[in-house]
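Below: one structure, written as structure tokens.
The values are calculated or read from the model by the stated rules, or taken from the named source; none is laboratory data. A quick note: this is a predicted structure, and the numbers were derived from the prediction, not measured. Glycine gets a Cβ as well: all are built from the backbone with ideal geometry, and neighbour counts include every protein chain shown. What goes into the accessible areas is simple: the full protein's heavy atoms, side chains included, and nothing from ligands, DNA or RNA. Shrake-Rupley method; radii C 1.70, N 1.55, O 1.52, S 1.80 Å.
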Amino acid sequence: MSANDPYLSAVALAYREGQAAPRVVAKGRGLIAEEIVRRAKEAGIYVHESSELVSLLMQVNLDDRIPPQLYVAVAELLAWLYRLEQGKTSPVSTHRKESTIAQKIQEATEHHART
């Protein structure tokens, strides 16, 4: 991420146990995206970089739930983050899990392109 990158996009999701699906709570491009990323990092929130997933999530309205096509990809990411926070994921398995998440995002991207 370079300073004042006008092409940078960021989306913040929020999910609480019991909710039907994660919601888009912030999104933006350029300076707004940089601020979203900065605040997340300051708060100790993991920032996952995936241009494909961000591109799909940018199409979701603010405060709306993510679409069902993204459930699997986002659920995989959230489950992996939960295990990471609980110390149940080793650094060795981190790369493999990121590859699996990337695959799920690619599948969601392909599904979105077909619909």
Neighbour net charge for Ala40 - beta-carbon separation under 14 angstrom, K R +1, D E -1: 0
I want to check the label-to-label distance for Arg16 and Glu49. Put each point 7 Å from Cα in the C-beta direction and report it in nm to one decimal. 3.2
Sulfur and carbon atoms: percent of accessible area, region 20-69 [1.4 Å]: 50
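Enumerate by residue number the GluC sites (Glu not before Pro) in region 1-69 meeting two conditions: DSSP loop (anything except H, G, I, E, B), and at most 14 other Cβ atoms within 10 Å of the site's Cβ.
Values: sites: Glu17, Glu34, Glu35, Glu42, Glu49, Glu52; in loops: Glu17, Glu49.
Hits after loop and neighbour filter: Glu17, Glu49.
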